1. Taking interchain pairs and intrachain pairs at least six residues apart, which have beta carbon atoms under 7 angstrom, with the first residue in the stretch A:130-144 and basic (Lys, Arg) and the second open to solvent by 40 Å² or more (accessible area, probe 1.4 Å)?
2. Of all residues being assigned to a helix (DSSP H, G or I) and without any contact (Cβ under 8 Å) to a residue 60 or more places away in the chain in the stretch B:220-258, which is most open to solvent (accessible area, probe 1.4 Å)? Just the residue, please.
3. Tally the residues that are part of a helix (DSSP H, G or I) and either in contact with a strand residue (DSSP E or B) (Cβ under 8 Å, 6 or more places away or on another chain) or not hydroxyl-bearing (Ser, Thr, Tyr) (or both), restricting the search to the stretch B:108-153.
4. Go through (1) touching a helix residue (DSSP H, G or I) at 6+ places or on another chain (Cβ under 8 Å); (2) free of Cβ contacts under 8 Å to residues at least 12 places away in the same chain; (3) away from every other protein chain (no Cβ under 12 Å) one by one and return the number of the condition B:TYR102 breaks.
5. Report, by residue number, each residue of the stretch B:47-64 that is at the interface with another protein chain (Cβ under 7 Å from one of its Cβ atoms), crowded, with 21+ Cβ neighbours inside 10 Å and in a helix (DSSP H, G or I).
6. Is the stretch B:264-271 home to any residue that is hydroxyl-bearing (Ser, Thr, Tyr) and assigned to a helix (DSSP H, G or I)?
7. Across the stretch A:26-77, what is the total count of residues that are within 10 Å of another protein chain (Cβ to nearest Cβ) and in contact with a Gly (Cβ under 9 Å, 6 or more places away or on another chain)?
8. Report, by residue number, each residue of the stretch B:300-325 that is among the polar types (S, T, N, Q) and open to solvent by 20 Å² or more (accessible area, probe 1.4 Å).
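The values are calculated or read from the model by the stated rules, or taken from the named source; none is laboratory data. Worth saying up front: this structure is predicted, and the values here are computed from it rather than measured. Cβ: placed from backbone, ideal geometry, glycine included. Neighbour counts: every protein chain shown. We work out accessible area using only protein heavy atoms, side chains counted, and drop any ligands, DNA or RNA first. Shrake-Rupley method; radii C 1.70, N 1.55, O 1.52, S 1.80 Å.
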Amino acid sequence: MSYLSRSPWVLHYDASSCNGCDIEVLACLSPLYDVERFGIINTGNPKHADVLVITGGINEQNREVVRNIYEQMPDPKVVVAVGICACTGGVFRECYNVVGGIDCIIPVDVYVPGCAARPESIIDGIVRALAVLEDKKRRMENAGGKEQAGSPAGGAQ
Amino acid sequence: MPRRIVVPFGPQHPVLPEPIHLDLVLKDEHVEEALPSIGYIHRGLETLVTRREYPEYVYIAERTCGICSFIHGMTYCQAVEKLVDCSVPERALFLRTIWSEYSRLHSHLLWLGLFADALGFENLFMASWRLRESVLDVLEETTGGRVIQGSCKVGGVRRDIPGETLERMRSGLDTIEREAGEIADVFLRDDSIISRTRGIGVLSREDAYALGAVGPTARASGVGIDLRKTGYAAYGRLSFSPVVETAGDCHARCIVRVKEIFTSIDLIRQAIAKIPDGPVEEKPKKNPEGDYFARSEQPRGELVHYVKGDGSRHLVRSRIRTPTLTNLPSLVRMLKGCNLADVPVIVLSIDPCIGCAER
């Protein structure tokens, strides 16, 4: 964990999940799994978040919502797709309203499999995402902050 | 002169674990009207029934909702069993009852935690979720899954629970009951919880009945409907009385769920004591033909699964009526006239499960 130099904040959004993965994401916060020991805090505000944890696939109504949340997050940012629905659409990929996995709308850095994904694998996925986050941050610093440009603001909170 | 403004609430909001959108029409801080709009998690899983064979659709039915997954699977099976002329063995019925009640325990403890969190009582959230883990441990040990169990099948259940495990579950219930008692005390008596919830979001008995409220939302307003009293699975052979409160406010809805935890523990004890020996599944004799409505009591209220078959391996239609969708009109009524700051608590008080509601 030597690369973890600061406390990453996580934003959780339920795209079109059945709730199974959502409650496992929340279970990560509970005393048994306790992700706060890594300094990870769950936030509800996209502008505070470094890691976007998404459960469930993209459907016709939420594609703009997901894109909007992603664009509001400041750089550097990483996206973790939790559960098989978020990875590929899962058991619902044949449904008429489901477009597919999260990566058909926004770039995904870490895929966590499972139906429902277990808390252990969700934590593992987020910790892997933190390494990606550190990497992105270093690249931004090397580029003199130039890579940061181009992230449109989503309006004041 | 107060101004009327419309404040959007959701779909992504700090207090909501799931997306729902409400347009709140405000006059200063007072909510004059709440207009819900849904569809952010709609998948359209009912249509999959034509693409999966009827025994395989159990997996899809379970994934209607990850919180009450077992009860969804069981209710679908109950409906199909009527179409395939299959009488479920007694032991399987008792096992279904036991798993249903463990699902209710974990769902209610989950809700109590989220409710405490909405009130800003994070310590209580942690306490409720810590206790919930011991319920999930039992579900994982007996079915193999924490939240999606996959243990129900058409004609019975997929696996048996051995006698010594049942014995261990019975003694585990004592610990759960003791720890639930400590949490319950806070929810029932704590001043800060009472001041945030008493008299907030009142739903009268007449409104609850007229708007078709179900489950704890209805029972907190004095409408004593509980589908378990119809005696599906093994409930007909167990004795219990539905928890009914009359105040109809957020605290009454909280009290109903707290007390139901103890009802569930008692029901599991009775079921373990009465469970007969025997097989746990029976093979279906024919393909499903005809149609049937199966009803059951989910942690959030009445659940209806409608299925229609034409004698082939694929069903023609499945229709699911979920309690959260049924409770939305009641929620709109509760929000009328409340303060903006109470909106999160009132929304959570119906235990919204949007995954179910939108399917």
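1. A:ARG139/A:GLU147
2. Filtering the stretch B:220-258 for residues that are assigned to a helix (DSSP H, G or I) and without any contact (Cβ under 8 Å) to a residue 60 or more places away in the chain, the one most open to solvent (accessible area, probe 1.4 Å) comes out as B:LYS229.
3. Count: 29.
4. Here B:TYR102 clears every test but (2).
5. Across the stretch B:47-64, the qualifying residues are B:LEU48, B:ILE60.
6. Yes, the conditions are met somewhere in the stretch B:264-271.
7. Of the residues in that region, 13 qualify.
8. Correct list: B:SER312 only.
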